[in-house]
1. Under the rule of at least 5 residues apart or a separate chain, name every residue whose amide H is placed under 5 Å from the amide H of B:Gly232.
2. Only loop residues by DSSP count here, and only those with at most 13 other Cβ atoms within 10 Å; note down the trypsin sites (Lys or Arg not before Pro) in the range B:20-111 that meet that.
3. Which of B:Val176, B:Ser118, B:Asn86 sits closest to the plus end of the dipole of the protein assembly as shown, meaning its Cα is farthest towards the positive end, when Lys and Arg get +1 and Asp and Glu get -1 on the C-beta?
4. I'd like the orientation of helix B:149-169 relative to chain B: the angle between its Cα long axis and the longest Cα principal axis, in ° from 0 to 90, rounded to 10.
5. If you take the accessible area of A alone, add that of B alone, and subtract the area of the pair, what total do you get in Å², probe 1.4 Å, to the nearest 100?
6. So which DSSP H runs in chain A come out at 30 Å plus along the axis (Cα) with average Kyte-Doolittle of at least -1.0?
7. Return the whole-Å distance between the Cα centroid of the range B:100-124 and the Cα centroid of the range B:184-244.
8. Enumerate by residue number the chymotrypsin sites (Phe, Trp or Tyr not before Pro) in the range B:139-244 meeting two conditions: DSSP loop (anything except H, G, I, E, B), and at most 15 other Cβ atoms within 10 Å of the site's Cβ.
Amino acid sequence: MSDIEQRVKKIVSEQLGANEADVKNESSFVDDLGADSLDTVELVMALEEEFDCEIPDEEAEKITTVQQAIDYVNSNLK
Amino acid sequence: MLKGQIALVTGASRGIGAAIALELAKQGATVIGTATTESGAAQISQALADVGGLGLALDVNDAAQIQAVLKSIADQFGDVSILVNNAGITRDTLLMRMKDADWDAVISTNLTSVYRMSQAVLRPMMKARTGRIINISSVVGHMGNAGQANYAAAKAGMAGFSRSLAAEVGSRGITVNCIAPGFIDTDMTRELPDNVREELLKRVPVNRFGDVADIAAAVVFLSSPSAGYITGETLHINGGMYMA
């Protein structure tokens, strides 16, 4: 598991109160991990904090699974 | 009752804000009161010295200052768990005579500040899964008052803001409410001519002006764990002058 993947999964499990084992790459925040709209906003803010970046709203909307979050971080951070 | 809580009260150097800050501190909260001037802040520090609290200078119109003040509170005491948006100004004049500057100043200080302050304290409250935001509005926001279109608009705006935010963050244990004082005996109402005061009093069934302690007591209640099921509400405290 890459470092970024690990960090993303840790944040997801912390924010959504899910077991790290249940946080899989294909997991959907809402459908699989039970996130509500406020959870997803908090999650995006936690990612911004962890990776010291700002994720625009239109990009944030597209991040609905763990893999999408990993991909976003990978392609937008040096 | 409020031991371990960190309360932030804006506009706390005098009047209703000073009473709120003092009462929250007496109930065990660590209270940070803000005023626009350093001398006002020093006055608050002095008033709260014996009960546990501190005054800080803050212009609620300045987003950068808000961030700086919250950071210094977090570093020194911890995250704010009770926010009382009390700071407010008046620029009274009939609408025919009202200038853009009168309108803008009142909306910015009385309403936009509530947005800014609330947003700034929200993240730690969400993480903590608990929090209290209490906005001090006014009976005028509900009744209207000639010469106060700007003030009434700002105060009524607080109620809509509070209901919306209450809906957003209720699931996180954060409540958002307004307290709408009627005519309270403060510097502001003492400036009114005697005949105006007498006329006003005729409209108050309880037959006296409100005391700042009447408002402070309600803030303590809404801040307490017992008030956790009250949210998006406006509590009117006006001696029966206006019954919603």
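1. B:Val176, B:Asn177
2. For trypsin sites (Lys or Arg not before Pro) across the range B:20-111 that sit outside H, G, I, E and B with at most 13 neighbouring Cβ atoms in 10 Å, the list reads B:Lys99.
3. Farthest towards the positive end: B:Asn86.
4. 30 degrees
5. 600 Å²
6. Values: long enough: none.
Once both thresholds are applied, nothing remains.
7. What the calculation gives is 23 Å, centre to centre.
8. In loop regions of the range B:139-244 (DSSP not H, G, I, E or B), the sparsely surrounded chymotrypsin sites (Phe, Trp or Tyr not before Pro) are B:Tyr229, B:Tyr242.
The values are calculated or read from the model by the stated rules, or taken from the named source; none is laboratory data. Remember, it's a predicted structure, so these values are computed and weren't measured experimentally. Quick reminder, even Gly has a Cβ in these numbers, built from the backbone with ideal geometry, and neighbours come from all protein chains shown. Accessible surface areas use protein heavy atoms only, side chains included; no ligands, DNA or RNA. Shrake-Rupley method; radii C 1.70, N 1.55, O 1.52, S 1.80 Å.
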